[in-house]
Every structure is written in structure tokens, then in C-alpha cells.
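The values are calculated or read from the model by the stated rules, or taken from the named source; none is laboratory data. These figures come from a predicted structure and were not determined experimentally. A quick note on method: Cβ atoms are made from the backbone with ideal geometry, for glycine too, and the neighbour counts reach across all protein chains shown. The accessibility values were calculated without ligands, DNA or RNA, using every heavy atom of the protein model including side chains. Shrake-Rupley method; radii C 1.70, N 1.55, O 1.52, S 1.80 Å.
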Amino acid sequence: MSSAFFNIARPMAPRLIQCLYYVALVLIALGLLRGIVGGVQMMRAPAPVTTASGPSMAPQGQTAGPAAGQPGMGQFPGPRRPGMRRRGFGGPFMRGLAFLRGAAPPLRAGVFIFLVLLRAVIGWMVVRILAEIGATILSLRNRPA
């Protein structure tokens with residue numbers, strides 16, 4: 001290990017801010033890559049096919065779907081609380097864009113990728129501002145009064 005890391009003459013706080021800044025940038029980059037991959041997968045996914053519902057082919061005495069009160073596919077068992085919501089269409093970014101449900105997959109994917117890029121840029125700006133504020137506070141502490 002480098003002896004410069006354990007040198008008491010150099011303060012640790014500026015290096016810690018710099019390390020946290022780099023960690024935050026890596027996390028933002030990973031989120032950006034995950035979002036772009038999700039958008040590309042959304043683009044290649046076929047549109048859901050809806051069929052007209054006809055009479056049930058279930059035998060007499062059985063129902064085709066879950067009975068009333070029983071949890072079905074994608075439902076939470078037990079009572080629904082206000083804080084427990086199912087994830088909507090496309091994750092948290094696309095909830096406000098419900099009008100895109102019937103849109104073509106490339107358009108939906110393009111909007112999703114744009115929103116992921118916007119989130120990454122905003123996250124980078126917030127992290128950068130916080131790092132600069134921390135560095136400024138540390139530099140003000142060392143000034144004589």
C-alpha cells in the first residue's frame with residue numbers, strides 16, 4: 001500500500017469526496033447501461049396480442065381464472081394497503097406516459113431511452129454539484145479568518 005494514503009499531513013476528506021464522486025459516477029453509468037439495454041429489449045419485444053374473449057373451455061364446476069378473493073397472476077395476496085401498488089407499464093418512468101401503451105415498440109423504447117438518458121444527466125449534475133459544495137466547504141475551512 002502507498003504510504004501517501006496513511007500520511008497524516010494530507011487531509012482525508014477531499015480524497016473521500018473524490019472517491020464517493022467516482023463511485024456515484026460508476027453507479028450512474030451502470031444505471032444508464034441497464035436502462036439502454038432495457039430500452040433495446042423493449043424495442044425488440046413483440047407487441048402483446050389481444051384476443052377476443054369467448055366462452056370458457058373449463059369443465060363444469062371450475063372457473064377459468066382465479067376465484068374471487070384469491071390472488072391471481074401478478075396480484076398480491078392479502079389485503080391491499082395504500083403503499084402497496086403493483087408496478088405499472090414500463091417501470092417508474094413510463095407511468096406518466098400511459099398514452100404510449102398502444103404505440104409501436106420502437107417509439108416506446110425511444111421515449112424510455114430518452115428518459116433514462118435524462119435521468120443519468122440529472123443524476124450526474126446533482127452529484128457534481130454536491131461534490132463541488134463539499135470541496136468548497138473544505139477549502140473554506142482552511143482559510144484564515
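Per-residue accessible area (protein heavy atoms, 1.4 Å probe) orders 99, 114 as 99, 114, starting from the largest. FRET efficiency for the residue 125 to residue 103 pair, using the beta carbon distance and R₀ = 35 Å, is estimated at 0.75.
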